[in-house]
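Here the structure is laid out as structure tokens; the discussion comes afterwards.
Here, each number is a calculation from the coordinates, and none is a lab measurement. These numbers were taken from a predicted model, which means no experiment stands behind them. Here Cβ is always computed from backbone atoms with ideal geometry, including for glycine, and neighbour counts include all displayed protein chains.
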Amino acid sequence: MDTAIGFIGAGSMAEALIRGLRGAGMDGAQILATNRSRRERLDHLRISWGIRVTPDKAEVCGSARTLILAVKPGDLAQAARELRPHLAPQHRVISVLAGVRCASVERHLDGAPVIRAMPNLPAAVMASATALAYGRRVGGDHRAAAVSLFSRLGQTVEVREEALDAVTAVAGSGPAYVYLFMEALIEAGVQAGLSPIVARDLALQTVYGAAKLVRETGSDPGDLRRRVTSPNGTTMAGLAALEEGGFTAAIGEAVRRATRRATELGR
Ligand SMILES: NC(=O)c1ccc[n+]([C@@H]2O[C@H](COP(=O)([O-])OP(=O)(O)OC[C@H]3O[C@@H](n4cnc5c(N)ncnc54)[C@H](OP(=O)(O)O)[C@@H]3O)[C@@H](O)[C@H]2O)c1
């Protein structure tokens, strides 16, 4: 029971985490998942990732000490009602629900220790940017277990809970901003005469390589940008167009609005 992980909710976030854990070498027999009613969804997870699935929350709680709550915020009350009778003092609950405070999940679960995690979809390939925050009842061993779990899925930072809405706006929603940028780059490449396949490959490798260079050199992105921008060169012309189009301001506004929305959804 100590090392097994039980997913309450078996949707896209649960699958991203399960896929990442399997990729990181976790034994499928140590991962359980349950959902509300869709048996075929559980079968899909069992067949795709070799994990154990069950419609029975008692079975998940009996096998796993760490429970990952991955339902939509609107389904929390019902899921918690069904979970409560099976919780024991040794359980810890990791909630990935966007916007829902630890205190609220704790109340629904009669005071079980609750950790809030905000992973993002690249967890599926062990490249998540995950932030963790802790409820009042979370002790050192629970923290260490959560950090160790999410570190298998990528990079982990610990933040105050108040910062999680901003984390959601930057990192939770962030992959979608990057995908939009990639879509635009591919489309512009095609309009400039490249084949769709070549444009896609170039855009993908450029985003990947740019991030890898920051990661591996530890350089500031601004420094790298200045280094590739020679006076009156092509990059300078392109960057000028981006700024005329309000690129930096638009990203600032995207993060502000997504933060506000995360706060609203949590109410
Ligand atoms: N997607 C992301 O990038 C992302 C990132 C960070 C956090 N999150 C958070 O992750 C959570 C899940 O999001 P998602 O996109 O994975 O949602 P989803 O695909 O709709 O999956 C929700 C899952 O919850 C299950 N569920 C609902 N009520 C339940 C109950 N009473 N008992 C057990 N399971 C129940 C559903 O089962 P049925 O299918 O049987 O109804 C389904 O498997 C959300 O709270 C979201 O805020 C998502």
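Per-structure values
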read-out: Förster radius 45 Å - calculated FRET efficiency between residue 211 and residue 161 (Cβ-Cβ, nearest 0.05); value: 0.95
read-out: Theoretical gain in end-to-end length, residue 43 to residue 202 [0.36 nm per residue, Cα-Cα removed]; value: 53.5 nm
read-out: Mean-position separation - Cα centroids, region 114-160 and region 224-242, in angstrom; value: 37 Å
read-out: Residue 137/residue 194 FRET efficiency (R0 41 Å; Cβ-Cβ; nearest 0.05); value: 0.15
read-out: Taking all pairs of distinct alpha-carbon atoms in the chain, Kirkwood radius in angstrom; value: 20.3 Å
read-out: Sorted by Cβ neighbour density within 10 Å, fewest at the top, the residues 71, 147, 178; value: 178, 147, 71
read-out: Förster radius 45 Å - calculated FRET efficiency between residue 56 and residue 230, Cβ distance, rounded to 0.05; value: 0.10
read-out: From phi via Karplus (6.51, -1.76, 1.60), per-residue ³J(HN,Hα) for region 251-267 in Hz, x at Gly/Pro; value: 5, x, 5, 4, 5, 4, 5, 5, 4, 4, 5, 4, 5, 4, 5, x, 6
